[in-house]
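The values are calculated or read from the model by the stated rules, or taken from the named source; none is laboratory data. Remember, it's a predicted structure, so these values are computed and weren't measured experimentally. FYI the Cβ positions are ideal-geometry reconstructions off the backbone, even for glycines, and counts take in every protein chain you see.
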Amino acid sequence: MSLPKMPDWAYNQMIEGLQKLLVLRLQGSPPADTISALAAVWEEALTPITWAWQPETDGERLPTAFRQLIRQAEKWAQPAQLIKQIPPRNTPTAALLPNKQPISPEQREANRQRLQQILNQLLERKKT
């Protein structure tokens, strides 16, 4: 079984974020000759979080996290610090609902009658 892979677009966002961090020359920044290893370690840390991400719903999560991290960074950051900054998925409520067809007037009436029947049964039980 192959391990999940970070989506290419998320990988590119990670590289861009790391480049921005490197430009800051923060205390503890890695040497320039270790950049490939640095990217591999960060990819390994972020893949379990990002492997199932979709650009439509998750496309701004890593850039947002890197912006937050860059604003707060006083020394070189670790992947765990970035992970804490990743915002939750911003999914519109409609996208979470199944794609259902509107109910027919007949079904609506049947539902209304069933609810009325249940209400009547509850009222009868309350009387006794």
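Summed over segment 46-62, the residues that are in a helix (DSSP H, G or I) and surrounded by 15 or more Cβ atoms within 10 Å (Cβ to Cβ) give a count of 7. Applying the criterion of at least 3 residues that are at pLDDT below 90 to the helices (runs of 4 or more DSSP H) found wholly in segment 66-128 leaves 93-96, 105-127. Of all residues in segment 1-45, those being in a helix (DSSP H, G or I) and either basic (Lys, Arg) or more than 14 Å from the chain's Cα centre (by Cα) (or both) number 29.
Being touching a strand residue (DSSP E or B) at 6+ places or on another chain (Cβ under 6 Å) and modelled with pLDDT of 95 or more is a property that residue 13 lacks. Restricting attention to segment 28-83, the residues that are touching an Asp or Glu at 6+ places or on another chain (Cβ under 8 Å) and under 18 Å from residue 4 (Cα atoms) add up to 1.
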